[in-house]
Structure formats: structure tokens, C-alpha cells
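The values are calculated or read from the model by the stated rules, or taken from the named source; none is laboratory data. As the structure is a computational prediction, the values presented were derived from the model and not from experiment. As a convention, Cβ positions derive from the backbone with ideal geometry for all residues, glycine included, and neighbour counts pool all protein chains shown. With ligands, DNA and RNA removed, areas are computed over all heavy atoms of the protein, side chains included. Shrake-Rupley method; radii C 1.70, N 1.55, O 1.52, S 1.80 Å.
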Amino acid sequence: MSSPDNRPVVLRGGTVLTMDDAHTVLPRADVLVVDGKVAAVGTDLDVPAGTEEVDATGGVVMPGMIDTHRHMWQTAMRGYGADWTLTQYFVWYYLEHGKTFRPEDVHAGNLLSAWEGLEAGVTTTVDWSHGLQTVDHAEAAADALLAVPGRFVLAYGNIQAGPWEWTADPAVQGFLRRRADEGKLGLQLAFDVTGDPSFPEKAAFEVARELGLPVTTHAGVWGATSDASIQLMHDAGFMTPETVYVHAASLDTDSYHRIAATGGSVSVSTESEQSAGQGYPPTWQVRKHGIPVSLSMDTSVWWSADLFSAMRTTLGADRSREHLEAHVEGNTVTQVHLRAEHVVDWATRGGAKALGRDDLGSLEVGKTADVVLIKNDASPVSFPLLNPYGHVAFQAQRGDVHTVLVGGRVVKREGELVGYDGAAVRSAVESTVEHLRGAMGDSTWQAGMNPAMPEDGDDVLDNPYTYTEFKSDETREARGSLFGS
Ligand SMILES: [Zn+2]
């Protein structure tokens with residue numbers, strides 16, 4: 001029997017993107033959820049007595065989205081690093097201020113991030129939790145995730161120590177074994193391979209293997225991890241199908257071959273790669289190698305937990321590169337390779353595949369019922385609904401997420417999160433901000449948020465075609481030659 005908060009639910013009359021193997025789209029169809037599973041998909045379904053009815057007409061019903069790489073603890077600093085480069089991010093968190101975070105600060109960030117994801121229709125998130133400098137921090141991270149009715153994978157990491165150090169800690173291993181036995185959270189190990197030829201990270205991979213945990217790693221990050229990292233992992237036999245390569249944005253063809261041949265997947269964070277400098281968002285390359293792709297949003301210190309944005313920017317970046325590569329050859333692209341349907345697949349099935357969760361990522365009978373309804377009747381953007389994949393990727397946005405189910409439980413209804421104590425979350429996050437600002441002092445806090453402009457930042461380049469203002473002798477000379485005087 002279903003508990004009161006887990007009674008059957010039917011979403012009636014929406015355009016259903018099943019995301020099954022054939023990517024079947026059903027216009028005006030129902031999705032029935034019973035006991036946490038998809039019980040039926042079809043038209044005019046009979047439903048058990050007491051089923052909650054959701055009017056999905058005019059909307060799109062799709063599987064819950066999956067973010068495979070997100071530093072949730074950093075959400076307590078939402079937007080702080082909007083103008084950072086990756087170097088500034090590294091300096092701030094890794095070298096200078098990451099240690100300032102207490103367990104309650106990790107808890108606050110995770111709590112906010114977890115609700116934020118659900119609100120946007122992201123039903124599963126990998127918490128790439130690399131601020132776990134003590135096991136108390138890890139307990140706080142896990143407790144926050146378990147306090148929110150979403151699906152989470154805790155990817156355990158610690159940027160304050162070498163991966164060979166913290167993975168060897170019996171307390172860390174004990175935590176991981178205990179949380180694995182509880183079975184409430186997915187678990188991974190999260191660490192990077194610097195390319196040091198002595199390969200000190202080998203010991204961490206061995207711990208992962210011993211504990212039976214997948215590894216997620218920032219790979220192909222300009223200035224940080226490289227082809228040498230991939231080669232070390234490959235030579236030692238640590239590239240496996242469950243390995244997730246985050247970014248993979250500055251790798252050569254040989255590395256992509258190694259990832260493809262060993263069955264791993266790439267987590268692309270397009271907004272991050274475009275802005276922080278890991279390398280060009282790599283889908284235009286990895287799709288040629290048949291490497292599975294999932295999407296991610298990385299961190300709210302720059303961006304938000306919004307996979308609509310991930311889909312949109314990934315389509316744009318892929319197509320942009322395809323056009324530019326053609327232009328270099330003097331050619332014109334007349335048909336693009338990457339379609340809206342592909343990025344919707346990556347945001348759903350792609351994530352499920354990366355996490356080895358065959359029960360997620362599609363709406364088929366027997367699958368776990370993580371379901372999203374996109375519907376906003378008050379919005380002029382909600383119609384006409386002609387191309388449902390195009391609608392999801394380019395027209396819809398997080399505010400259009402009407403209903404969200406996780407494991408059959410309604411966690412967002414009629415546009416409102418269920419059970420979200422916003423005042424408590426806000427208060428926890430405000431305490432964290434106050435703590436951080438107090439610990440580093442106001443001028444350091446302000447300087448961190450407002451990085452200095454580059455030396456030449458104020459220069460306006462001389463332009464010989466300018467009529468009204470001439471800034472240099474060269475420009476005057478150029479004007480002279482232009483007008484023959
Ligand atoms: Zn990251």
C-alpha cells in the first residue's frame with residue numbers, strides 16, 4: 001500500500017517524452033505512477049481509486065533531469081564568483097579560504113543546492129563534494145542531502161589533502177562503508193589526477209576499487225589535468241565504464257580514444273567551460289568518438305542548478321564550433337549534427353547511464369518514477385508546442401517546472417516545492433555568509449568577489465573607422481590615409 005504522501009499519481013494529457021530507446025513521443029498521453037514506479041504510459045488510463053490527478057494538458061512530461069557534477073557546498077556563495085577565472089576559483093577555495101568552511105557551512109550549501117535542483121526539475125544530482133576536510137564535514141554533507149526528498153550521489157572529496165592521504169584515512173573509509181550499507185545515498189570518490197609521473201593518486205584508485213566505488217575526476221582541465229593524467233590512469237587499469245570524466249575539454253584524440261575504449265562517460269559543464277577556462281565545451285569532439293555524455297552545472301558560485309541552461313548552452317557551443325571549424329575551411333554548415341533531442345537525452349538518459357542507473361532516465365513501465373512536468377499556462381512561451389525537444393531545450397525555463405516527482409513522491413506541485421522550509425534554509429545560508437565574511441574580513445571578502453581587471457582593461461583599441469574620436473597618432477595617420485589628407 002502507498003503511504004499518504006506517496007499515493008498513486010497520474011499526469012493526464014501531456015506531450016510525453018518517454019526517452020525510451022526509440023525516443024517515443026506520445027502526444028496527449030497519461031503517465032501513471034504507483035508505488036514509486038511508472039505503472040503505465042498511454043491514453044485515457046484507468047487509475048486506482050485515490051490517485052492524485054495532475055492536468056498536464058499543454059505541457060511536456062519528461063524524465064527527471066540528472067546533474068552528474070555539482071559542488072553543492074559552494075551554493076552558500078551563490079553568484080559570488082561570477083567574474084572569476086578558474087585560477088581565481090582555485091586560489092579562493094583550494095589555497096586561501098576553502099578551509100574556512102565548517103561542517104554547518106557545507107550543510108547549508110548542500111541544503112540550498114538540493115532544493116534548488118528539485119525546483120528546477122533536477123531529480124538526481126551528483127554532489128561533487130570536495131570540501132570534506134573532516135569526516136564531520138562529510139556527515140554534514142550527507143545529512144543535508146538526506147533531509148531533502150531528491151536523489152543524490154555523494155562524491156566524496158577533499159581538496160585540502162592529497163587523494164592518497166584522505167582515502168587512506170580509516171575514518172573516511174568507515175564513513176563510506178557505513179553510508180553504503182545504509183543505502184540511502186549513491187556514493188563515488190571524487191579526486192583529480194595531476195599527471196605527476198609517480199602517480200600518487202594510484203592509492204586512491206585502489207581504495208575506490210576495494211570499496212567498490214566509481215571515481216569521478218576533473219579531466220582535461222587546462223592548466224590542471226591533462227592527457228598525461230589519462231595515460232597514467234589507463235596504464236594502471238583505472239579507466240573503467242563507471243568512471244566519469246568531468247569537462248574533458250582540453251584532451252587530445254588519443255585520450256578520447258582511451259575513454260571511448262574503456263567505456264567511460266564525459267560530464268560536460270558547458271557554462272563552466274565557456275566561462276572558467278577548462279577548454280572548449282567538448283561535445284563537438286566526444287560525440288564523434290561515441291563517448292556517452294551527461295550534463296552538469298558545476299557550481300553555483302558562478303552558475304545555477306539549471307539543466308535547461310546546460311542544454312541550451314551545450315547546443316549553442318557545439319553548433320558554434322561546428323560552424324567555426326567549417327568557416328576555417330571556407331565551408332558552410334547547412335545541417336547541424338547536434339539536435340535538441342540529443343541534449344534532452346544527455347540531460348536524462350545520459351545522466352542515468354553515467355551513474356549506472358538503468359531504472360532512471362526514461363518513462364517506461366517499471367522504471368523508477370522520477371518525473372517532471374513542464375507547464376506554464378500563464379506564459380506566452382508555453383505555446384504553440386510544436387517541437388517538444390526544441391521546446392524543452394530552447395523555450396522552457398526553470399520557472400516553467402510545474403510538477404516534480406522523485407520515486408513517485410510529489411516534491412513540487414503546481415509550481416511550489418513541497419515541504420520546503422525556505423526561512424530555515426535562508427537562515428542557515430546567511431549564517432554561513434556571515435561566518436565567511438567575518439573570518440576573512442570585509443575587504444578580503446569584497447576583493448574576492450570583485451577581481452581586479454587585467455592591466456589593459458581600460459584600453460579601447462584604436463579604430464581607423466572611428467569618425468568622432470581619435471586616441472592616438474596612429475589613428476590620426478590612419479584617418480589621414482583613409483581620407484587622403
Ligand atoms: Zn567541478
Exercise for review: Kindly check whether there is at least one residue in the range 52-66 that is touching a residue at least 60 places away in the same chain (Cβ under 8 Å) and more than 30 Å from Pro388 (Cβ to Cβ).
Suggested key: no
Check your understanding: Is it the case that the range 79-94 has a residue that's of a type outside the set (Phe, Trp, Tyr), surrounded by fewer than 15 Cβ atoms within 10 Å (Cβ to Cβ) and part of a strand (DSSP E or B)?
Key -> no
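Residues that are under 30 Å from Pro63 (Cβ atoms) and not hydrophobic (A, V, I, L, M, F, W, C): list the helices (runs of 4 or more DSSP H) wholly contained in the range 101-187 that include at least 3 such residues. It would help to see each step written out before you state the result.
Values: elements: 103-119, 135-146, 163-166, 170-182.
The qualifying helices (runs of 4 or more DSSP H) are 103-119, 170-182.
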Point to revise | Candidates Ala190, Ala180 - the one that is touching a residue at least 24 places away in the same chain (Cβ under 8 Å) and open to solvent by less than 10 Å² (accessible area, probe 1.4 Å) | key: Ala190
Practice item. Give Glu201, Glu206 a once-over and let me know the one that is free of Cβ contacts under 8 Å to residues at least 24 places away in the same chain and on the phi < 0 side of the Ramachandran plot. Key: Glu206
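Are any residues in the range 386-402 within 17 Å of Thr314 (Cβ to Cβ), open to solvent by 70 Å² or more (accessible area, probe 1.4 Å) and touching a residue at least 40 places away in the same chain (Cβ under 8 Å), and if so, which ones? Outline the logic, then answer.
So in the range 386-402, the residues within 17 Å of Thr314 (Cβ to Cβ) come out as 389-398.
Cutting the leftovers down to open to solvent by 70 Å² or more (accessible area, probe 1.4 Å) gives us 394-395, 397.
Those that are within 17 Å of Thr314 (Cβ to Cβ), open to solvent by 70 Å² or more (accessible area, probe 1.4 Å) and touching a residue at least 40 places away in the same chain (Cβ under 8 Å): Phe394, Gln397.
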Practice item. List every residue pair whose Cβ atoms lie under 8 Å apart, where the two residues are 6 or more positions apart in sequence or sit on different chains, the first residue falls within the range 212-232 and is more than 15 Å from Ile259 (Cα to Cα) and away from the ligand (no atom under 12 Å from the Cβ), and the second residue, located anywhere, is open to solvent by less than 10 Å² (accessible area, probe 1.4 Å) and modelled with pLDDT under 95. Key: none
Practice item. State which residue is nearest to Gly13 (Cα to Cα) when the search covers only the range 403-437 and only residues that are open to solvent by 50 Å² or more (accessible area, probe 1.4 Å) and of a type in the set (S, T, N, Q). Key: Ser427
Practice item. Please work out if Lys375 is charged (D, E, K, R), in contact with a strand residue (DSSP E or B) (Cβ under 6 Å, 6 or more places away or on another chain) and under 12 Å from Glu119 (Cα atoms). Key: no
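Is it true that some residue in the range 274-285 is among the hydrophobic types (A, V, I, L, M, F, W, C), part of a helix (DSSP H, G or I) and away from the ligand (no atom under 13 Å from the Cβ)? I'd like the intermediate steps shown before the answer.
We begin by selecting, within the range 274-285, every residue among the hydrophobic types (A, V, I, L, M, F, W, C); these are 276, 284.
Retained after the next criterion (residues that are part of a helix (DSSP H, G or I)): 276, 284.
From the residues that got through so far, the ones that are away from the ligand (no atom under 13 Å from the Cβ) too are 284.
Yes, the conditions are met somewhere in the range 274-285.
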Revision key, fill the gap. Those residues of the range 202-236 that are surrounded by 16 or more Cβ atoms within 10 Å (Cβ to Cβ) and assigned to a loop (DSSP other than H, G, I, E, B) come to a total of 6
Exercise for review: From Val47, Val10, Val41, grab the single residue that is more than 16 Å from the ligand (Cβ to nearest atom), in contact (Cβ under 8 Å) with a residue 60 or more places away in the chain and outside any helix (DSSP H, G or I).
Suggested key: Val41
Point to revise | Checking Ser309 against (1) within 15 Å of the ligand (Cβ to nearest atom); (2) part of a helix (DSSP H, G or I); (3) polar (S, T, N, Q), the condition it does not meet | key: (1)
